[in-house]
Amino acid sequence: MSERLSECILFRGLFAAAEDGALPGQLVAFAEDCGLGGDLWRGFLAAALLRHENPWSLACEGRAEPESTLSVLAERDMARILPLYRGDALRALPELRDYRPAAAK
């Protein structure tokens, strides 16, 4: 996973927790804080992408997508991130693929 993410330009650093092995705990904390259930990996990845500030996302705020190299770089990064979304990053922790939080918020 980290090899694909290290190739990103705009979305580099998206998953610092994945690099240090803290991701499973971070997923559970995120799910409990948000009352999120289901596939925690996909929910976390979607939320991380939405929250990640980078030159492309900042340029898109309040206006149409920029017609520039930023869009080309964003597409390049998404081509590396999409397989992670479609894949089974949590195969060692099947409990996190159909997570049910302690209390829905």
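None of the figures in this text is laboratory data; all of them are computed from the coordinates on show. Bear in mind that the values here come from a model prediction, so they are computed numbers and not experimental data. Using ideal geometry, Cβ is built from the backbone for each residue, glycine included, and neighbour counts are taken over all protein chains shown.
Some points to look at:
- Residue-wise HN-Hα couplings along the stretch 55-68, as the Karplus relation 6.51 cos²θ - 1.76 cosθ + 1.60 with θ = phi - 60° gives them from phi, are x, 5, 5, 5, 5, 7, 5, x, 7, 5, 4, x, 8, 7 Hz; Gly and Pro carry x.
- In order along the stretch 78-87, the phi-based Karplus estimate (6.51 cos²θ - 1.76 cosθ + 1.60, θ = phi - 60°) of 3J(HN,Hα) comes to 5, 5, 8, 7, 4, x, 5, 5, 6, x Hz; Gly and Pro are listed as x.
- Proximity of backbone amide H atoms, modeled 1.01 Å from N, is registered between Tyr99 and Gly38, Asp39, Leu40 at under 5 Å, excluding neighbours fewer than 5 places apart on the same chain.
- Our coupling estimate for the stretch 70-77, obtained by passing each phi through the Karplus curve with A = 6.51, B = -1.76, C = 1.60 and θ = phi - 60°, is 4, 5, 5, 5, 5, 4, 4, 5 Hz, Gly and Pro reported as x.
- Among 34-47, 62-75, the order from most to least packed when residues are scored by Cβ within 10 Å on average: 34-47, 62-75
- Amide H contacts of Arg12 (H built 1.01 Å from N, under 5 Å, at least 5 apart or other chain): none
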